[in-house]
Structures are given as structure tokens and as C-alpha cells.
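To start, the structure itself, in C-alpha cells.
The values are calculated or read from the model by the stated rules, or taken from the named source; none is laboratory data. Because the structure is a prediction, the values reported are computed rather than measured. Cβ placement follows ideal geometry from the backbone for every residue including glycine, while neighbour counts extend to all protein chains displayed.
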Amino acid sequence: MRLMLGISLLLAVAAAASLLTGPVGWSDLDHQLLALRLIRLLAGILAGAALAVAGVLMQGLFRNPLASPSVTGVSAGAALGVELALMGSVLLPGLVTIVPAACLRPAAGFAGAALALGCLLAVARRRGDITSVVLLGMVLSMLFSALGAYLLSLANDRWELGRILVTFTLGGIDTATGRSVAVATPLVAVALGASWCWGRTLDVALSGEREAASLGVDTVAMMRWALVWTAVLAAAAVTLGGGIGFVGLIVPNVLRAYLGPGHRSLIVASALGGAAFLTAADVCARVLHPGPGEIPLGAITSLVGAPFFIWFFTRERAAGRL
Amino acid sequence: MTRSDGANAVALLGACLLALACGWTRRATDPPAAGAAGSALSQVRSADGAWVATGPYQRIISLDPAIDDALAEMGMSARLLAISSWSYAHGSRARLLQQVPHQLALHGDLVLVSGASDPLRSAHLRAAGMTVFDCGTERTAADAAQALRQVATLLGQAALGEEFASRFLTRLDRVRDPRLPELGACYVATYGGELLGGTAGTTYHDLLVAATLGDAAALHGWRDWPTYHLEDLVAMAPQVILTGTGMGASLRALPGAKRIPALAANRIIEVDPDLLSQTGIGELEAAEAVAAARRRLP
Amino acid sequence: MNLDPSEPVLTVSALSLVRAGREVLHDISLNLHAGQVQVLIGPNGSGKSSLVMAACGLLPPSSGAVMVGGIAITRLAPRARARLVAYVPQRSELGSGLRVGQVVAMGRFAHDGAWGRDASHHAAIREALLQVDALELASRPFTELSGGEMQRVLIARALATSASILILDEPSSALDVAHRLGILRLLRRLAEAGKAILVALHDLNEATQLADAVVLLQGGRILAQGSPQAVISPVHVRSAYGVTLVPGGGYGYTLDGS
């Protein structure tokens, strides 16, 4: 598996670069600062892996390479949940004494993602009509984004709240704390494992719902759990990194061109590849900014991701593979 | 429920419980709860709810520009290790950016933040072991005086703080000349076509009061920093407008400007915008400037 | 297991089906035996595809039942059902990227354990490809095959499930003559090896050649059912299709060497 080794090597290089990058020189680092950099690195790895594998699940479920958590409205729902939690912790400081903020945000993110899922599952016909799921997902995505924008407008009167929400929307893992990483780790780890277990079922589901059912796939259960695990992954990623796009779209598609459509190997490779991609993007966010400061991570992934995807998509189309 | 449903449900529950356990464990870096041992004087409550012990802090990092001035006034600026890059204070000490690693690298013993800063950053600093004190959002002169008292108490100089706070409020009060007629006024700045105001609950209100002007916006129910439409201004009908230098021309050029008494009669007070936006004890200088400009009005 | 060879392996009793508010099948009953090829014929819209899918358990009936081994097919778990009944669609929705071997391997899904594969996994795939005479296609990309080859691979996938009942929906209608007859011969061979086969066909000639029993559908109801000679008679054909059947009028085809 030369490709796997190659991706792991890329991840290692990106991780090393991430630990070495920062305003304070390497010789002036103490264990406290190093710990901060390590936390940032872990956040990037978890968020990148989560987004990439969520993309694999969605693409397998909808049998469409353009499917990703943002298409189904799951990411937007998660973002709305986290934004509400952020607003709550600022406007109702008493809330934070009841539930720690680090637990509240991913829980709210999951609630938002699960709400999007609930709408999808309720409206899509019982047999799991994928077309109506995708259409509804796009409508939900727009709805949640609009609600998020409304929240932002409400926050205009409170400057500090507006700042936090804007920082969140722009995307970035520099605000991740040790605790938020600790909370996200079991969620991402279990979700990745569960997704891998569903890999073979997703392979068979490539034939379409009817044939898959005839071959022994419980298509309703598959839809239900694939969407649940996607929501967990998206909620964890959004809590750690805010609005970061394109990872779930690019990484699985690029890897699928080399690995083929088998989901088990694709999930492993995408987890590593997503982690490497986001870590590298985070390094670029710090290094490419003129002067001190950082470019928002969501901007980097979009600026890098969009042209790359267009090139890749055109090439695959020309070769008749898409 | 099928077997795969059961396995997946167990996995999901397990993940949530693990995550909850990771997030719930209280750690030493959490802000200690109120009522910790010790008398009221040995702890000061910061604006974000944390209790911070008083002490002879000598290496202070100030991310609140208004506090830099206050510390300088009270003769404690030697204790300042670094100030924020937004600060107006002079001197050769380090100016910082808003990046946590920078701040930690200095190994200070106290970080002062304002309420307008990112609460996530305060949590970050605390998690890294720093003592963080939130001075609160300094919206008005009263808030500034309170912050001054609190910081002084924190540094073990409660009496000094009380003296400076009351002196500040008294001096501000004296700027106001009660012999002048109180005209209705409002503060409006224009940026990129938008009309931004500042009224009750902000320093701009204090400035208007100091210049013996009534705050028309407050009378009409506005608060904090609203965004106006032209019609809102027409409804308020201010006799005088306070704005930043150079913005008067843009205001006069607004369509329908002649419906606003202040613009029609050209009773516009223009003051340096940096001065106008001063919070903390810098408000005093701003108030004197505005009052002086008011006296020069026809 | 003491199987009475005359016991049907699949029974459809008084099946009615409503789809999108319209009754597409009414009171359908038939029995399928091991080693038998039963053919469904009828004009477009007569309900052949609906009956095929209901017989596979893919569409739940509004009334009546489909019984396999004495159990209603809708009460079986998907994997258990897949081990008993295999479905071959007219066309596959598979996209690009999969090789023939991987496609056939999907048929073993119902036998896969939670962790590892069944010991007979590779043997079953090989055997299935052999039976359809497609072993040499194993590493070719599925979407690059010809229509006839694709159809054989889909049948191989159904065989890989080791199900004893095969249900096919118009497997030959998009194919040219040679491939059509090849499929029919394959079905005949499979029936002789003991499979029970229910197949919907378009062409009456093919039905006559292939079938042990024929069911003629019209408007969702059974117009006639029984031996090919009894069902495909001028009277019934006139009634169902509105055309006159001329016995012996037209070319019959056979493959060379058969």
C-alpha cells in the first residue's frame, strides 16, 4: 500500500511543520507553548480526518462524488448549533457554570446536525429516496446559513459577540483548547471506527438501493447510521474548526481516483489524507500571511481547494472516469 | 431493532459518554468558584465571573488600552511589561499582537483584558496557567471609574484606586458648564455610507453631557451603538451634531440633510475620532475637547 | 432436509399491490418449483416488473403474501432473504470504477460475517463466473463490457449469493440476438442444475422456447397461466396484445451448435 505510506509521510511532514511554525522561535519555546502547538496540531488532525471521512460517507450514501456534509445541510446545522452555544455562553454566563462550555459546543453542534438529519429522514420516503434527500439537504443548508446570518446581525449590538461569531464563521483551529480536543477525540475516534465497519455495506450500496436491498443490505438502517455518524463527525469538526469547507469534497475524490471505490481502504486513506491536508493548510495560514497574524483557515482551504478541484474534475471527466 | 442497530447505538452512546467525561472533569486551571477561602479583600471578582487573588503583581501584560493610562496615572506604569498594540500609551515597552503564544512567551504574572476581548482567548490563557483579570467593558465614565478601583485593589492599592476614581469623576463633572443652554444633540459618525451612532450606555453619552448637550437619541429610546437611517435623524431633530473630523462634509451632503436642524444650521462639532473613542480616563481629555468646541459654536 | 420435489420453493398467494395510488397487481397467485423456469409475459404496463419486485420482497404487498420456505418474504431480514432469493435487474445502476470481480463479490455480502469473510468467499465467486462463462472478464472494468457481458456478470452476482431461487426482470430485452439466446441457454442450464427461475420476458418466441410454465398478465391480473402451448394461444394473445398470432409464421433462431 504505497499510497497509504505516502499519505502518512505527508501527514508526518505537515505535523512537524505545524509544530515548528509560530511567532516564538524554536529555541525560546517552553513546554507550555509547545503544548499549545500540540493542541493546535491535534485539532487540525481530528477536524481534517472527520471532515474527509464524513465526505466519504456522504458520497457513498448518495452515490454522487459531489456529496459532502455541506450538501446535506448537516454542516450548516452543526455550525448553527455551535453559534447558538457561543451566544449562550456570552449572553448567559450562568449557563457555563451548569454545563462546561467544552461539552456544550459539540453537543449543540450535534443537536443542530441531528436536527438537519431529522428533517431529512422524516421527509425522505421510508425506502430512502436519495434524490429527495439531496434536494432537501440543499434547502436546509440555505436555511441554516440564513439563520446563522440572522444571529450575526443580532450580535452587531454586542461587539465582542460579533467578533466571536465572525471568527468562528471564518474557520480556524487556533481557538481550540485542550479540553475541546479532549472532548472531540472520543467522538471522532468512535465515529471513524463505526464508519469503517459500514464500509462493505456502502460498497454494495453502490449498485443502487433496489439491487443493494436484494443483495441483503438493510438500506433504511444504512441510511440512518451513515447520516448519524456523519453528523457526529461534522459536529466535532465544526466545533474544533468552525467554517472549513472543501475538505470533505476534495480529499475523498482525489484518493478514490487512485484507490478505487472500495470504502474500507478509502476511509482509512481519507482520514490520513484529510488530517494531512488540513494540517498543511493551517501551516500555510500562518506562513503565508504578510507580517504577523494568520489567514483564516476556511479561506485557505477554499482558495487552495477550489481551483485544484476544478482541475481534477476536468481531468477525470476528460478521461471518462466521472 | 436489528443487531447492527444495537451495535451502532452502543457505540454512539459510548462515544458521547467518553466525550462528556473528558469535558466535565474540572481542572486546576478553571476559574475558582466564588466564596473561596480568604477575606473579601484578598480576592477581586473579575467581569467574567472569576475570582482573582490580589497581590503585588510586577509583570503585568495589559490588553486593555484604557487601563494602561490608568496605571500610568496612578504611578504604577513601571509594573507594565507589555501593552496591547491598540494602546495609545507612550513608552518603550513591548507592544503585543493578539496572539496567545506571544503573550505567554513574556512570562508575565498577570494579564489584564477588557470585556471587549475574545472570551475564548481568556480561557486559552487560563488553560495555559496565566492569571487573567477581566476589567469589564468600559462603556461609560462610571464603568471606567469602577475598573480603575478594581485594578487598584487587585494590585493591593485599594485606597489609591478609590482616590483616583473619585478624582476622575469629579473632574469630568466639572467640565460641564451649567450656564450654557442645553441643546438637543446626538453623536453620528459616517463610515462607508453608514450612519453609526453612540448614545446612552456609551462614552459618547458622557461626552455630550459634559458639553452641556442633551442626548436626543437617548430620549428617543436608542441605546449603545445603533446604526441610523436618515429618517431616524430627522425624527430626533438634533440641534447640534457631534462627529469626527472631516465627516461633517459627508453629513451635510446627505440627501435630505436640510431636514435635520443641526445640518441645516451647520452646527456641527468635529473632533478627532481617536480622541472621541477614548475610554477610561482618556475620556477626560475628550470631554474637554468637545466642551471647548461646543463653546465655539455660533 | 426432506424436500418433496413437488413442493413449491416460492409461492405467491392472492397478491395485490398498490403503487402511487394505483393498483398495479390484483389477486396474483403462482407457484415456483426447483428446477423449473416460469416465465412472465404480458404487454407493457401489465405489471411484470412489479410482480418481479414483489416476488423478491423488494415491494411489500398491499394484500396477499409471497412465501419462501413457508415464511412470508417480507418478514425475513434482508440478509436472510438475500440468501434465499436472488434478483437480477434489467440494467444495473453501477457507476464506473468497479471491476467485474468486485461486482460479483457483492453477491457474497449476505454471507459475510461481522469481521471476516466467509471461507467460501473466493470459491463461490469463481464458481459463479465459471457458470456464466465469464471467468476471463474478472479484472475488466464493469462499465467497459458489452451489454451481453454485463448481463452475464449480473447473473453471476446473483449466483454468487448461493440462492436457490433466481428472479430476473427482462434480462435480454436490450441485447442483440446472439446474446439473447446465450442468456436463455444459461437459464436453461441453471434450471437443470436445480435452481428455481422466475423470469419476465418480452418476446413470445423466447417464452415458448424457454419456459416450463407461463403466466400471462394483463392490466395487473392473470389472464392465463399454465404450459406455454396452453397460454400462448391465438385467443389469449389476441386478448392481451391485440395482435393475431400466426403459428410458425416468422423466423425462429438457434445458436450454432445447439
State all residues of region C:188-230 that are touching a residue at least 40 places away in the same chain (Cβ under 8 Å) and of a type in the set (V, I, T); if no residue qualifies, say none. C:I197, C:V199, C:V214, C:V215, C:I222
Residues in region B:118-152 that are more than 7 Å from chain A (Cβ to nearest Cβ) and outside any helix (DSSP H, G or I): how many? 11
Across region A:1-51, which residue is modelled with the highest pLDDT among those that are within 14 Å of chain B (Cβ to nearest Cβ) and assigned to a loop (DSSP other than H, G, I, E, B)? A:T21
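Conditions tested, residue by residue: (1) outside any loop (DSSP other than H, G, I, E, B); (2) closer than 25 Å to C:A156 by Cα.
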{"position": "C:L15", "(1), (2)": "yes, no"}
{"position": "C:D27", "(1), (2)": "yes, no"}
{"position": "C:L30", "(1), (2)": "yes, no"}
{"position": "C:N44", "(1), (2)": "no, no"}
{"position": "C:P60", "(1), (2)": "no, no"}
{"position": "C:T74", "(1), (2)": "yes, yes"}
{"position": "C:G95", "(1), (2)": "no, yes"}
{"position": "C:V103", "(1), (2)": "yes, yes"}
{"position": "C:G107", "(1), (2)": "yes, yes"}
Just to be sure I understand, how many residues within region A:286-309 are farther than 19 Å from A:G241 by Cβ and modelled with pLDDT under 80? 5
Which listed residue, of B:A147, B:A165, B:A141, is in contact with a Gly (Cβ under 7 Å, 6 or more places away or on another chain), at pLDDT 80 or above and surrounded by 19 or more Cβ atoms within 10 Å (Cβ to Cβ): B:A147
Could you pull out the residue among C:E149, C:E170, C:E144 that is free of Cβ contacts under 8 Å to residues at least 24 places away in the same chain and under 28 Å from C:N205 (Cβ atoms)? C:E149
Between residues in region A:231-253 that are among the aromatic types (F, W, Y) and residues that are surrounded by 24 or more Cβ atoms within 10 Å (Cβ to Cβ), which pairs lie under 6 Å by C-beta distance while being six or more apart or on different chains? A:F246/A:T301
Name, by its number, the condition in (1) under 19 Å from the mean Cα position of the chain (by Cα); (2) surrounded by fewer than 23 Cβ atoms within 10 Å (Cβ to Cβ); (3) at pLDDT 85 or above that does not hold for B:P226. (3)
Enumeration of residues in region B:61-76 that are touching a residue at least 60 places away in the same chain (Cβ under 8 Å) and within 20 Å of the chain's Cα centre (by Cα): B:D64, B:P65, B:A66, B:I67, B:D69, B:A70, B:L71, B:E73, B:M74
Which residues, counting only those in region B:126-140, are hydrophobic (A, V, I, L, M, F, W, C) and over 10 Å from the mean Cα position of the chain (by Cα)? B:A127, B:A128, B:M130, B:V132, B:F133
Number of the exception - A:W225 against (1) in a helix (DSSP H, G or I); (2) more than 7 Å from every other protein chain (Cβ to nearest Cβ); (3) crowded, with 20+ Cβ neighbours inside 10 Å: (2)
Qualifying positions in region A:179-218 - assigned to a helix (DSSP H, G or I), under 22 Å from A:V268 (Cα atoms) and within 14 Å of chain C (Cβ to nearest Cβ): A:G193, A:A194, A:W196, A:C197, A:G199, A:R200, A:T201, A:L202, A:D203, A:V204, A:A205
Hey, does region A:267-279 have a residue that's under 21 Å from A:A15 (Cα atoms) and within 14 Å of another protein chain (Cβ to nearest Cβ)? no
Which condition does C:A77 not pass, out of (1) more than 27 Å from C:A138 (Cβ to Cβ); (2) more than 8 Å from chain A (Cβ to nearest Cβ); (3) of a type outside the set (S, T, N, Q), if it passes all the others? (2)
Determine which member of the set B:D274, B:D232 is surrounded by fewer than 19 Cβ atoms within 10 Å (Cβ to Cβ), at pLDDT below 85 and in contact with a His (Cβ under 9 Å, 6 or more places away or on another chain). B:D232
Provide a single number: the residues in region B:42-59 that are without any contact (Cβ under 8 Å) to a residue 60 or more places away in the chain and surrounded by 20 or more Cβ atoms within 10 Å (Cβ to Cβ). 1
When residues of region B:1-50 are filtered for being modelled with pLDDT of 55 or more, farther than 30 Å from A:T219 by Cβ, in a helix (DSSP H, G or I) and more than 9 Å from chain A (Cβ to nearest Cβ), how many remain? 2
Flag for C:S29 being away from every other protein chain (no Cβ under 11 Å) and either buried (at least 21 other Cβ atoms within 10 Å of the Cβ) or not charged (D, E, K, R) (or both): yes
Looking at (1) more than 28 Å from B:C16 (Cβ to Cβ); (2) in a helix (DSSP H, G or I), which is the only condition A:G274 fails? (1)
Only residues that are surrounded by fewer than 17 Cβ atoms within 10 Å (Cβ to Cβ) and within 14 Å of B:T190 (Cα to Cα): list them for region B:235-253, please. B:T245, B:G246, B:A249, B:S250, B:R252, B:A253
State which residue pairs qualify: first residue outside any helix (DSSP H, G or I) and inside region B:268-288, second residue at pLDDT below 85 and buried (at least 23 other Cβ atoms within 10 Å of the Cβ) in any location, beta carbons under 6 Å apart, and separation of 6 or more residues or different chains. B:T279/B:A66; B:T279/B:E138
